[in-house]
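Down below is the structure, laid out as structure tokens.
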Amino acid sequence: MHVIVVGGGIAGLAAAHRLVGAGARVTLLESSGAFGGKLRTGHVAGVQVDLGAESILARRPEGVGLARAVGLGDALRPPAVSSAAIWTRGALRPMPQGQVMGVPSTAASLAGVLSDAGLAQIARDSELPPLAVGEDEAVGRLVAERMGPEVVDRLVEPLLGGVYAGDAYRISLRSAVPRLWEAARAHDTLLAAVRAVQRESAGRAPGEPVFAGLEGGVGTLAAAVVADLTARGAALETGVAVTGLRRTGRGWAAALGDGRSLAADGVLLAVPAPAAARLLAAEAPAAAGELAAVEYASMAIVTLAFRRADLARLPRGSGFLVPAVDGRVIKAATFTSGKWDWAAAADPDLFVLRTSVGRLGDEGPLRWEDAELVRAALMDLGEAAGLSAKPVDAVVTRWLHGLPQYDVGHHARVERVRGFLAGLPGLRVAGAAYDGVGIAACVGSAEQAASELLRTLPAGPAEEARE
């Protein structure tokens, strides 16, 4: 049984790992020059850091499970600190407790983040008619109707923006916050729904970390999976674009940019939605049309290294979020050397942090030169955290069209795509465009797609054709 996996990000790597483990012969093709996608490590002032994703949701098993499966179990690390803040109304304010993706269960601890009028509006939720949440709706619209727009602007938007770089008034409740969507359909008020989600979370093991990192950065996960696949005999190629797919009498044929044609029993597409749409246009035009409509946001990460001796005081906590309504350039900051012990130990004389820039509809700063982005980040950091020192090194990493937008109706769109593809044996899709943008969600999507593909494929291998 031969399967071609298209796309060498974490979803493609995870899919290939599941397929190889089941005995399939796998060819993994990545169009760029490196595997890993948005899992990428680099160096700032000699310290290895993540330049893309920097943590794994540990309360889902798939991401940490893959890390353990490829020998990184001993490298898993919880954050050294978990306290975060919101930079709003001119000050860093502790992240309010008792909230689910920014939706509060109480007005307590929100003073300073919300105005008195904003605080008063939260209580209105209990006075409104019972919730009537349908198949889907925008997170921002529901929260604004029940608790007022300030909650959206100052709490929900910064948290959703940190994940999707999107617009809270467009983002799907069902796809982005599925547990809250389920609870909202079962309760009369949004406050009650949030409390129900919190009770569910409270039932987890005491002290269980929400997130995990890897010593040396989560980007090391990609390299470990590549090494494991290579040792198991998978064929891995970078710099090879797949330009077309067609069904054959025995399975599928993939046309490659270098002129080759590869035959396989099955194909698993683990590429962004626009790329999947192009490859599916001939054989699955309806699915291609749905995927072509998925919008993507761009962002940049500015990683900075300071000498600790130059800092009047060290930033505390894991970092902070920034509401778009406050008009700052950066949307978040992560204090890498404070959050991850391994990063602090890599060079005790340095303090490394990173800021992120770019939101859907506000991507102008991404066209700035690197030096301009660094200056803007330093200016915001100076105002927020009192950082006035000059960094000893800076690295700017741009992720253009990197984050799929889960607009209202996204879940139904994904179901339609999978319904269209169900009629094409030996073809599945996986990745951030479907069931979640985090590492754990992408690994879960890939493993499910690979398992489904294995159930539909014949036992005998297809011969490789070259033209």
FRET E, pair ALA345, ARG246, Förster distance 56 Å, beta-carbon r, rounded to 0.05: 0.60
Net length gained if the chain between ARG68 and THR230 were fully extended (0.36 nm per residue, minus Cα distance): 56.6 nm
Whole-Å distance, taken between Cα centres, linking the stretch 300-337 and the stretch 99-146: 28 Å
Reachable lysines, given that their alpha-carbon falls under 22 Å from the alpha-carbon of LYS38 and they are not under 8 places away in the same chain: LYS331, LYS339
Calculated FRET value between VAL163 and ASP326, using beta carbons and R₀ = 22 Å, to 0.05: 0.75
Between 0 and 90°, nearest 10: helix 370-385 axis offset from the chain longest Cα axis: 40 degrees
The stretch 7-21 - phi-based ³J(HN,Hα) in whole Hz, Karplus 6.51/-1.76/1.60, Gly and Pro as x: x, x, x, 5, 5, x, 5, 5, 5, 4, 5, 5, 5, 4, x
Label-to-label distance, nm, for residues given as THR106 and ALA292 (7 Å Cα→Cβ offset): 5.2 nm
Over the stretch 39-139, relative contact order from alpha-carbon pairs under 8 Å, at least 6 apart, %: 11 percent
Relative contact order (%) - criterion: Cα under 8 Å, at least six apart; region: the chain: 25 percent
ARG398 versus LEU311: modelled label distance in nm, points set 7 Å from Cα along the beta carbon direction: 2.9 nm
Projected area averaged over orientations for the stretch 378-467, convex hull of C-alpha atoms, nm²: 11.7 nm²
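All of the numbers you see were taken from the coordinates with simple rules; none came from a lab. Note that the structure is predicted; figures quoted are calculated from it, not measured. Please note: Cβ atoms are built from the backbone with ideal geometry, for glycine as well, and neighbour counts cover all protein chains shown.
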